[in-house]
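See structure below.
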């Protein structure tokens, strides 16, 4: 059964159709990429899946269960985590706390336990702390664990956002332009990291990207959007040669890459 | 060990106050009222900090929650308690308990406990009623919605004849003591501290930092916003009950939007998101208003301020300069505090002068060690301040005519002047230290250690006026 | 008096009161627009305006119009001074710091005023109006009474008339002149406006000047109607005007005008039909209801956050 099934979703804002008739099926363990010119509707698709917007038409099934109309935090508890196009960290919180907060919905203690600092609280807290520290190690952020998040350099902030998303124990991870603004070296290392997340942690990943090296490098399947509509779908090799895609998007990007 | 510091402090303070209250027959009622007020202010500031500072909800109606707690509990003890001087005298709960052999001395605290919980629950319900509808409001809009709520509460209460209406509610039994207030201040601080150090605390802060991101990681932002209001209101209600059962009278005019603003000032001055900071600010601001009531107090507060200005630059320097600088301010502050306890007269003034001189010596030493231009500038300010201080306090006969007249005018108008000085200090404090006493950081061993370490950046923002701190 | 006349009477009184609130609210909303700051001291500038006019008329024996103008100019300067000393240093700091400073300035003005002027109220010489050639207004007032049975004092006509003139002038200034458009630009995006060459500091100074002048005018006009003035008179009208500005949609000039009128009318209708005791509660109740339905005020644009 497909992990995520988006069927025929349309989202309209007053007068503007952001996404029209979009369908997507993601099997568990896939690494899918979504590309398209700016304004094509890619982030809006993510927002629909994550529950920020509600499509007027269409259905979204996660693990067979409909998630349309659920609130974002409920969808997060079901196992969908995401990062944002513009990094949205909790700036004043420490790096460690940013990761720990994502484990909140898994924490099994109530207000009173916290107030009394009883055994259950201490057990859960140390569990959360251990898991958070191991995630930080995985993403190379251990050294900065007590620094406030806003003081990190940009590249590390993006990594932190991914660490935070992982701490929510997702089955599906939505990454919105994870390598935006990164140097080629940073991009390479993040690329490998994302692939290893899928391989080692068995997280299904859908990512939005503009950087073709990443898309061609690690995505098994690519969806192309343009002006709110899906115009192509297939393996990276197929997409590269698709005339509609080249016309809408790839042609301009290839020039930039040079 | 790391997390013990706040507990230690709270425990120490509670012990000190507990012991002090034991001997409270020796202390004047004025001082006891002051301590009670400080404790209540701590509870109010901490509970508001949860809403405003940690969860980022701009609430200007905290006095309304306090009023709910105060009036609900007062009405209950007045009409049902059976205390002398109330309609239920001889009967009520006291009477019933006496009937089964429980004396009033044991029953009264029990009744207060129940009243406190009722006050808290009543206020918490109000918090729920405020938190739920205002979920969609942001920032300034939320501020005035809460302001509006506070005012509505006040107006409605003033129309209820059963609690005295606009003339006020009198005859409430005095059940609060220093020990009760200290205990509840400690409970509030410990509860909030533990809550905020847990995952729930992180959830509150995540709502403040970025609601969209918080929801995306599974935090139910609605739940936490409402929870912040509910818990904050609970403790405000407790504070209200303590207030009512100490003052013995209640007046709706004590719970206006201005009173809410006073609590907001404590939270901002102490640093949003710092429990220790807001508690400290609550204590300091309450003390400040009292110290300023006398001429002596006003002079020493001014002196304290001057010393702080004098050693400000030295606080960026070496460790010795910093230690001496802080001691200078501390000694001056002590002098101001002593005006409350020891006061005017032949016994008091010499001690105050001694503290003042000690402060000036520390300030001069601090500026000297700091070196360079600071040496001269700080020394000049400190010397001017100490000379003025001594002249005004001790050597009035040496003052020239017009200055003597000025001194007499100030002595005559101290109570008006007190509020002007308070306001001026407020402005001055915000201009020099806008992030609050502790800069929004919570009190911890780490913070204390970092204060003692040699620093590279200035302790206080100096807006690039070229101090050679590298 | 018939019930329709009663209603109309209350309406007119409400409009008179409401236009005063609008004038004060305009100052709040303009400052909020450019600085995102709730200028708590604004209500006290209104008080200072009344006092300046008081001294201008009783000590310097000036007629009404010059006294009004001096008051407006003086308070404009006061507003500029406050901005320069208390708010400008905190422009890059968290907003609450500036808010607390604003509260401090407000307290300074109130208690300082008590210190200097004494706390007891003084009577504002509203008879100065009859001394001027406002016979036309008395005529109009009488005519209204005879024709519609409405009792509107000449002072109230002055209030409504002056308020309307000032608001129209402001509206034209903001929308038609280059400076006014610069103000709108600064309100929308301060940094970009400065990049476009707009002298942001000067614009902000001008905003404070105009806002404070309007508050002074409001103070004088109110003093005409209710001749008692005292140093704390600015507190509650300031709060109500601020509420009015928010109800109308803070940052928005039409919103402030609308909000002020609604506040004034609602107040008088409540007093007339329900009870004067619940006057304030109802006013705030209206506010909360409006905000529940329109969380950014009546004219406010919804805050659509791009995720």
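Each reported figure results from applying straightforward, stated rules to the coordinates on display, with no laboratory input. Everything numeric in this text was worked out from a predicted model, so none of it was measured. Here the Cβ positions follow ideal geometry from the backbone for every residue, glycine too, while neighbour counts run over all protein chains shown.
Annotations
- Both the radius of gyration and Dmax for the protein assembly as shown are 32.1, 99 Å, in that order, over alpha-carbon atoms.
- Separation between Cα centres of segment C:1-71 and segment A:19-44, rounded to whole Å: 58
- Grouping the Cα pair distances of segment B:299-452 into 10 Å bins from zero gives a pair-distance distribution of 11, 33, 37, 16, 3, 0 percent in increasing distance order.
- Segment A:118-169 versus segment B:213-263: alpha-carbon centroid distance in Å: 33
- Theoretical FRET efficiency, 1/(1+(r/R0)^6), r = Cβ-Cβ of residue B:258 and residue C:60, R0 30 Å, to 0.05: 0.30
- Spin-label pair residue B:223-residue B:128: with each label point 7 Å from Cα along the Cα-Cβ axis, the two points sit 1.6 nm from one another.
- With one equal scatterer per alpha carbon and no solvent term, the Debye-computed log10 I(q)/I(0) for chain A at 0.08, 0.11, 0.15 1/Å reads -0.33, -0.62, -1.11.
- In terms of its Cα atoms, segment C:217-257 spans 31, 16, 11 Å along the principal axes, sorted from long to short.
- Chain C - Rg over Rh from alpha carbon coordinates, Kirkwood radius: 0.98
- Distance in nm between pseudo-label sites at residue B:416 and residue B:31 (7 Å out along the Cβ direction from Cα): 3.2
- Computed over Cα pairs, the Kirkwood radius of segment A:136-175 leads via Stokes-Einstein (0.692 mPa s, 37 °C) to a diffusion coefficient of 309 µm² per second.
- Relative contact order, whole percent, for segment C:7-233 stands at 43, derived from Cα pairs under 8 Å and 6 or more residues apart.
- Helix axis angle, B:372-393 relative to chain B longest principal axis, alpha carbon, degrees: 70
- Label zone at residue A:229, where the point sits 7 Å out along the Cα-to-Cβ direction: segment A:3-33 residues whose backbone N lies under 19 Å: A:7-13, A:15-24
- Computed over segment A:19-81, the ratio Rg/Rh where both radii use C-alpha atoms and Rh is Kirkwood: 0.94
- Calculated over segment A:52-151: convex hull of Cα atoms, volume per residue (Å³): 144
- Annotation for segment B:126-142 versus segment B:63-113: alpha-carbon center distance of 33 Å.
- Here the label points at residue C:148 and residue A:25, each 7 Å from Cα along the C-beta direction, are separated by 7.2 nm in the simple model.
- Dimensionless Rg ratio for segment A:159-251, taking C-alpha atoms and the 2.2 N^0.38 Å reference: 1.12
- Cα gyration tensor shape of chain B, rounded if a/c is under 1.5, else prolate or oblate by comparing a/b with b/c: oblate
- Theoretical ellipticity at 222 nm over chain C - DSSP helices of four or more residues, -39500 (n - 2.57) apiece, nearest 500: -25000 deg cm²/dmol
- Kirkwood hydrodynamic radius over Cα pairs of segment C:120-276, then Stokes diffusion coefficient at 25 °C and 0.890 mPa s, in µm²/s: 136
- Overall form of segment B:103-229 per C-alpha gyration tensor (a/c, 1.5; a/b vs b/c): oblate
- Cα shape, segment C:1-136, gyration tensor, a/c 1.5 rule: oblate
- In a fully extended conformation the segment linking residue B:361 and residue B:16 would gain 121.2 nm over its present Cα-Cα distance, using 0.36 nm per residue.
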